[in-house]
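See structure below.
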Amino acid sequence: MTIMSIPRIQIEALDKRFETGDCEVIALQDANLSIAPAEFVTLVGASGCGKSTLLRIVGGLEPASSGTVSVDGKPISGPGIDRAMVFQHYSLYPWLTVTENIKFCRQLKMHRDVSTSSDVEAAGGRADALIRLMGLGHVMQAYPNQLSGGMQQRVAIARALMARPRILLMDEPFGALDAQTREVMHDLILHVSILEKTTLLFVTHDVEEAIYLAHRVVLMAPRPGRIEAIYEVPLPDHRDQDMKQTQEFLALKKQILAGIRATSGMQTDHDLLEQLGNAPAH
Amino acid sequence: MIDNTIIRRPSWRIRGNLGRRTHLLISLAGLLLPVGWWWWISAGGAVDPIFLPTPPLVIDSAWEWLRDGDLLGDIGISVYRVVTGFLMSAALALPLGVLIGTYAPIKAFFEPITDFIRYMPAAAFIPLVMLWVGIDEGAKIAIIFIGTFFQMVLMIAEDVRRVPMEQIEAAQTMGADRDEIVMRVIVPSAKPAILNTLRVTMGWAWTYLVVAELVAANSGLGFAVLKAQRFLQTDKIFAGIILIGLFGLVTDQCFRWIHRYSFPWLYRK
Ligand SMILES: Nc1ncnc2c1ncn2[C@@H]1O[C@H](COP(=O)(O)OP(=O)(O)OP(=O)(O)O)[C@@H](O)[C@H]1O
Ligand SMILES: [Mg+2]
């Protein structure tokens, strides 16, 4: 095996069970997935199918019940600076300014100990570059609660990128943003992933977002949580918004939506709907 | 028909705002009306001043207390007791509360006993405190400590537990170790809530003053109230209670000011 063929992330026979009282939830069953360096993979699926659980296990925030996750061939044993995480909300530090949030990791021992003075200088440069890249120049001294949701997520992404992670894990990072802001963020994150050659594992509810961003879309299914199918996205690496109107895009979207519907275990009960419609309101 | 005018007026909107001046005016009315009402009832002559002295009588008695008695000394010793008891309880409750809110084994060990003791009335500890600590200053401070410490620990633990998990996990993925997460994330994140807890428990410390000065005291605001009761000096009782209330209010306002000053990000929008 050559160096090039070692996957960045290798997920093998991953199981995760949660005991809650006397009942046991199988959040993940025999998940297998291999992600190449600089690949962008999105996870979609019905609510409760284990997307967040899978992401958190890769991030080292949750232990697996069995199976392994390896990064560059080495099994992980907890969180690490090679894998940064961006959450949906509440992860910024409200007592720090935008710049201080982004430079937070520079305060930690792990980063201080290895630093020579030229590293420190380079880090300052990187922080500035990230601030400019994310369009945060005019709010550097602001506190997070003075920013809009979209701006806050830019700060969260910049902070995650600060330590040069090889892998960026994102759990519905744009779930709370409006459609326009979201489109801007999509192009931004694509730009960053190409620029930094970051490997991305990205959870979303939005199938269009999943296709637009990814090289591959992983469809998961619930009860028990599992990987149901993997779709290659037939679009060139450099994406633009017009591609969302192409035949390939729409066909894939239809296919994935059907897959989610088929596995969600929720059907529209027409008899019940009729009953609801006929029943008087008072 | 629903009357819509009440909804349209911003002051009566649910969680609506008032202008600064209107706010001040209404607050002042809320303070002055009860005083006016008190004055009116007490000056009317229907009630014996032994039961309800008039406001001027109360002010006179406070003045007399200042001139002939030892009002400043009483204030000094009471402030000393409240502040010392409060600081001792804060000094212990802060680290313990942070630990209980952070580590499950420490929570499992300390929480049940703390929860249990906090329901015991501080006043009932007086005989024990006298037996163990004696009857000098230590005893009074101990009562204030007992009255505030157990509540404070549990409230601080709760403040710490309310730090969003995302803030902690974000630090973990940036390479923070356990100590760094406690000192650089949990403590700064919980600080505003903790200061609020301190403010509230400081208020309770003031309310325990009279209980504390039941223990063989011969000075202090609470003691003065108790002594005035023995001689049926209702005006002095009023003066003492109002003074304790005022000092409570002043410390409360100080805490609020410190809060604004220390956590500017909470007030900037
Ligand atoms: N800490 C936990 N304790 C118990 N059960 C859990 C825990 N975390 C997740 N689960 C369960 O595991 C299953 C998968 O949850 P997970 O959050 O991974 O789903 P998800 O695909 O991210 O869902 P959503 O799309 O709603 O975010 C669910 O049934 C959930 O109830
Ligand atoms: Mg989820």
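The values are calculated or read from the model by the stated rules, or taken from the named source; none is laboratory data. Treat the numbers as computed from the prediction; the structure is a model and nothing was measured. Cβ: placed from backbone, ideal geometry, glycine included. Neighbour counts: every protein chain shown.
May I ask you to say which residue of A:MET151, A:MET162, A:MET185 is in contact (Cβ under 8 Å) with a residue 24 or more places away in the chain, away from ligand 1 (no atom under 16 Å from the Cβ) and more than 14 Å from the chain's Cα centre (by Cα)?
A:MET162
Out of B:MET165, B:MET202, report the one residue that is more than 8 Å from every other protein chain (Cβ to nearest Cβ) and under 26 Å from B:GLY85 (Cβ atoms).
None of the other options fit; the residue is B:MET202.
So which residues in region A:192-230 are touching a helix residue (DSSP H, G or I) at 6+ places or on another chain (Cβ under 7 Å), part of a strand (DSSP E or B) and surrounded by fewer than 20 Cβ atoms within 10 Å (Cβ to Cβ), if there are any at all?
A:GLU228, A:ALA229
On the basis of being within 15 Å of A:LEU169 (Cβ to Cβ), within 11 Å of ligand 1 (Cβ to nearest atom) and modelled with pLDDT of 95 or more, does A:LEU43 make the cut?
yes
This table checks each residue for (1) over 17 Å from B:THR173 (Cα atoms); (2) hydroxyl-bearing (Ser, Thr, Tyr); (3) more than 12 Å from chain B (Cβ to nearest Cβ); (4) buried (at least 18 other Cβ atoms within 10 Å of the Cβ).
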site: A:LEU130; (1), (2), (3), (4): yes, no, yes, yes
site: A:MET140; (1), (2), (3), (4): yes, no, yes, no
site: A:GLN146; (1), (2), (3), (4): yes, no, no, no
site: A:GLY149; (1), (2), (3), (4): yes, no, yes, no
site: A:ARG166; (1), (2), (3), (4): no, no, yes, yes
site: A:ALA179; (1), (2), (3), (4): yes, no, yes, no
site: A:ASP187; (1), (2), (3), (4): yes, no, yes, no
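Mind checking which helices (runs of 4 or more DSSP H) fall wholly inside region B:206-264 and carry at least 2 residues that are loosely packed, with under 14 Cβ neighbours inside 10 Å?
Fully inside region B:206-264 and qualifying: B:221-230, B:234-262.
Taking region A:58-76, which residues are assigned to a loop (DSSP other than H, G, I, E, B) and within 16 Å of ligand 2 (Cβ to nearest atom)?
Scanning region A:58-76 gives A:GLY59, A:LEU61, A:GLU62.
Every residue in region A:37-66 that is touching a residue at least 60 places away in the same chain (Cβ under 8 Å) and of a type in the set (Gly, Ala, Ser), please.
A:ALA38, A:GLY45, A:ALA46, A:SER47, A:GLY48, A:GLY50, A:SER52, A:GLY59
For residues in region A:23-52 being more than 14 Å from ligand 2 (Cβ to nearest atom) and buried (at least 18 other Cβ atoms within 10 Å of the Cβ), which is farthest from the other protein chains (Cβ to nearest Cβ)?
If we take residues in region A:23-52 being more than 14 Å from ligand 2 (Cβ to nearest atom) and buried (at least 18 other Cβ atoms within 10 Å of the Cβ), then A:GLN29 is farthest from the other protein chains (Cβ to nearest Cβ).
Starting from residues that are buried (at least 22 other Cβ atoms within 10 Å of the Cβ) and within 27 Å of A:ILE227 (Cβ to Cβ), keep the ones in region A:80-107 and report whichever is farthest from ligand 1 (Cβ to nearest atom).
Checked region A:80-107; the qualifying residue farthest from ligand 1 (Cβ to nearest atom) is A:ALA84.
Name the residues in region A:55-89 that are of a type in the set (Lys, Arg) and closer than 14 Å to A:LEU200 by Cα, would you?
Correct list: A:ARG56, A:ARG83.
All but one of (1) free of Cβ contacts under 8 Å to residues at least 60 places away in the same chain; (2) aliphatic (A, V, I, L, M); (3) closer than 21 Å to A:LEU219 by Cα hold for A:VAL69; which doesn't?
Answer for A:VAL69: the failing condition is (1).
Does A:GLU172 qualify as being buried (at least 16 other Cβ atoms within 10 Å of the Cβ) and under 22 Å from A:ILE35 (Cα atoms)?
The answer is yes for A:GLU172.
How many residues, within region A:177-209, are of a type in the set (A, V, I, L, M) and closer than 19 Å to A:VAL58 by Cα?
Within region A:177-209, residues that are of a type in the set (A, V, I, L, M) and closer than 19 Å to A:VAL58 by Cα number 3.
Before we move on, is A:GLN153 in a helix (DSSP H, G or I) and crowded, with 23+ Cβ neighbours inside 10 Å?
Yes: the conditions hold for A:GLN153.
Could you figure out which of (1) closer than 30 Å to A:HIS111 by Cα; (2) surrounded by 15 or more Cβ atoms within 10 Å (Cβ to Cβ) isn't true of B:MET165?
Of (1) closer than 30 Å to A:HIS111 by Cα; (2) surrounded by 15 or more Cβ atoms within 10 Å (Cβ to Cβ), only one is false for B:MET165: (2).
Give B:MET155, B:MET183, B:MET130 a once-over and let me know the one that is surrounded by fewer than 17 Cβ atoms within 10 Å (Cβ to Cβ), in a helix (DSSP H, G or I) and either outside the structural domain of B:GLY101 (by TED's automatic domain parsing) or in contact (Cβ under 8 Å) with a residue 24 or more places away in the chain (or both).
Exactly one residue qualifies, and that residue is B:MET130.
Within region A:46-56, take every residue that is more than 14 Å from the chain's Cα centre (by Cα) and hydrophobic (A, V, I, L, M, F, W, C) and give me the one that is nearest to ligand 1 (Cβ to nearest atom).
Once the filter is applied, the top-ranked residue is A:CYS49.
Hey, can you tell me all the residues within region A:72-92 that are within 14 Å of chain B (Cβ to nearest Cβ) and free of Cβ contacts under 8 Å to residues at least 12 places away in the same chain?
A:TYR90 - this is the single residue of region A:72-92 that is within 14 Å of chain B (Cβ to nearest Cβ) and free of Cβ contacts under 8 Å to residues at least 12 places away in the same chain.
Looking at (1) within 16 Å of ligand 1 (Cβ to nearest atom); (2) within 23 Å of A:ALA13 (Cβ to Cβ); (3) touching a Lys or Arg at 6+ places or on another chain (Cβ under 8 Å), can you tell me which one A:TYR231 breaks?
Result: A:TYR231 passes all but (1).
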